[in-house]
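Each reported figure results from applying straightforward, stated rules to the coordinates on display, with no laboratory input. Everything numeric here is computed off the predicted structure, so don't read it as measured data. Counting neighbours? That spans all protein chains shown, and the Cβs are built from the backbone with ideal geometry, glycine included.
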């Protein structure tokens, strides 16, 4: 009967439109999702994988004598498409015939559907169904066309194609397959539209069935999700960098002429495309629902359900609104999910030069397979992991993987199998950049099996830790929920057995108690306080991706920093110049041509120092790099080391353009020097040479004297200076020159084999950021340890660490030592040392884990892909915004907009301030809940009317308390916030002293509220008026307690501090206005069961508020007096 009544009250037309719209929306949303996945990750879809396999089939057929195979396969496809096309057109015509026949399906709809369709609507639905089958017919007809065209193209000779014949045939065949696929899907899409004839409810059911079938059709292959097949063991080489090139080729069954097209296609089908896979991600619905996963929220939802069952709908909607608003705020602030793996995928090259069948061809990087021969040139991005076979001056920029500031010089010789990634000179790794030279290598790994893919898996497998605040609030919520439920049960038993309350009274009292005790406003206050902190940190050049990270920064005990680009600028700088006459210094940092040269601390003019000018002449002219300004940043075009020398020449105002180049001996990794023959501005010709000091010393017969004459070479003098500069972590280059005959036009290695004149040395370094040195000192003062974890050499790392004040000794722990250490040993090592060099991504991750095992809260900074796994594992991951890779930014919680380590120190200060303000907010909020719970408990224990209704409690919790506590989020930093040590990671958010404060204020406000209610009720006030007075007492008690809470320990009676936070006074004004509406607005009287009050009734709540303020200030003064002078404050 009730169901029939419900049906009778339904608006059938509105229901039909709503259900039809929902069904169509689901179908459209699914197809948009499918289209996005096919575009971004085609291997996850049946169609995408089929496209790859058809391409492999075409390559196999065209590479060999497979005519019969081609004919049979194409014939099967044509016959299948013909059958489906015939079926589709017959069904389409039949449905059209039914639509225009007198057959009436309206009766079926009337009897089976909640929203039946009339005859005209059924006819329209039949025509829609016919259109679906007609569309399927068109797709099958197009598939037939392209299958036939493929049969025509498959055996054409290569000269009939412009470009790759395989690509053109495969594209045609894939068009046929695509149309065949869409035609088949038409039959599945017809299912819900057939059921639509009955009614919209049946249509919605059909949509659900159709989506299940479509998902299995689009995403599943033979019962398993479509994905790339793992590389077979035949291509597992172990450590190819430790093998000779010939041995690697033999193991891969390849030759220097590369693979045949057919073999490459077969391997591609076996190992899958050269792409990185992507893991599944939480959708927006799941991310939204996660914000309800809290035990206190469960209690509130149960309370809402209980009030709904009893018909108290206003109470129900108010409670649910509080829950949903909290979830919406959290969802919006959380922002987008992590896309770290997508960032790494963008590093992969799109095309590669590969040798197929003895010919060089350009192929898509996704089609590379182990055994392919690949050619590299300057400017290329390495498309896969390669074992280099031939190199010519090849240097590759690997800082994203290794952290080294300068490109790595490559060779073809094997290295020890224990060599770290930065020392594997015979390998070129996927995603790195060719800085100079050229080379040829054989592909040893593709896609997920590359070094980049290994890091990709590490990021996916790294477990992230809850932040300290999250852990503290979770523990706090569990304890509070147990207390609430326990006291609620006790209250029910007391009311039932002691006062014989009815079920309804007890239920409302229990709900009121639960609502009173739960701090509903706390999630909103936490979120808003963190969000305000995010805005403040943006002004400090720190962009926060995840809200809790803001607070976590305040509890950081260790900052682990990458060196290159974080502590240093990742811009090589010439710092010291040594000539036979004197030692000079160069001011300025990076590639910007700003600064001067000095001697003994005094600026000099280079023209007055011929020895210095002669050296700069070589460094500027024998140089292929240029520097340029882009968007306010100076960058180098060419080698970073040469860029530093070019900048040095600019600082000296040296004009290299006046020295035309006649010939050159380019830099060679075996020779380790570069030489040029140049015409001089005043006539004559000169050989200019720069390079490794040991190589130039061997070729020099003398050195330049102060008067310009040639003096005997003092090798001991130069070797001493080389050692001194190297000990400072500088890269040392030497300069030499020699006059030649005016008619010499060419230059060879023999011309510089001897007789050169040494001019001096230049010390080059990736310089520390000056502001980072200051920031490190501030971190140490705040009790925060700083550790450098880099892929650079131990000597360089130690020198930079000493200069920055990170360490005072020369000891740097290397990656090999970390590799040999057990987890227990690593915990000791990481506690004793501050510099870690030649580290791999695994080492960085283990170091972070070891620090966390020691109880540290770790912030990890970095800019390279090699930093991403450690950033994700750290309590706070901090990425560089300018020079950081996309993968690093997406793995981090915080991104520095200015790549400045000093911004970390400022962010930590802000994090500590935010934690203080959160603590103040919690300390302020909880006495409200304590007082309300005390009032309800007293009413049950002593058997009087509830002084507060559940909705009135929610008003105080969400409006009054949130309005006031929000002002605490704007409190400025406490004095000395960066002079105190970090808080203990395991410390509770509320210590015993704060619990005492909460209990004291709860009793004060609770007793006052209860007393006012009983007093006013005794004076003859109605229950509504007495409850209104009780709410006002609560509100004004909280208002005055707000001023107590601004300072946790210090006195709030200092008038000079009353106006340091103007938002407090704004919040007070808003609260007074809201309370006036609460008392006098009729609609609020109706919603919250309140009554208007006389003006004199406001005096009592205000007076009680002032009294509470003075009592709390007296308590603070007593605690300060009892505390030992100069000793620690009471535990918070």
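A compact table of results
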read-out	value
Exposure proxy order (Cβ contacts within 10 Å, fewest to most) of 1012, 1003	1003, 1012
Separation of the residue 167 and residue 701 label points, Cα + 7 Å toward Cβ, nm	5.8
Global form of the range 573-765, assessed from the alpha-carbon gyration tensor, a/c cut-off 1.5	rounded
Spin-label model distance (nm) - residue 257 vs residue 75, 7 Å beyond Cα toward Cβ	3.5
Inverse of mean 1/r across different Cα pairs in the range 744-828, Kirkwood, Å	16.9
Mean shadow area of the range 364-455 over all directions, Cα convex hull, nm²	5.4
Added length on full extension, which subtracts the Cα-Cα distance from 0.36 nm per residue, residue 743 to residue 1059	105.4 nm
Computed Kirkwood radius, in angstrom, where 1/r is averaged over Cα pairs of the range 643-756	15.3
Stretch gain in nm, segment residue 662-residue 1115, where the contour uses 0.36 nm per residue and the Cα spacing is subtracted	154.3 nm
For 909, 642, 617, order by how many other beta-carbon atoms lie within 10 Å, fewest first	909, 617, 642
Computed FRET value (nearest 0.05) for residue 781 with residue 630, which takes r as the C-beta separation and R₀ as 35 Å	0.40
log₁₀ of I(q)/I(0) at q = 0.17 Å⁻¹ - the range 534-653, Debye sum with one point per alpha carbon	-0.87
Length added when fully stretched, residue 715-residue 671, from 0.36 nm per residue minus Cα-Cα	13.9 nm
Using a Förster distance of 45 Å, the FRET efficiency for residue 1099-residue 898 (Cβ separation, nearest 0.05)	0.25
Förster radius 51 Å - calculated FRET efficiency between residue 378 and residue 1011 (Cβ-Cβ, nearest 0.05)	0.05
Label point distance in nm, residue 1022-residue 992, each placed 7 Å from Cα along Cα→Cβ	5.0
Of every Cα-Cα pair in the range 908-1122, the percent that sits beyond 21 Å	54
Percent of Cα pairs exceeding the 19 Å cut-off, where the set is the range 838-912	32
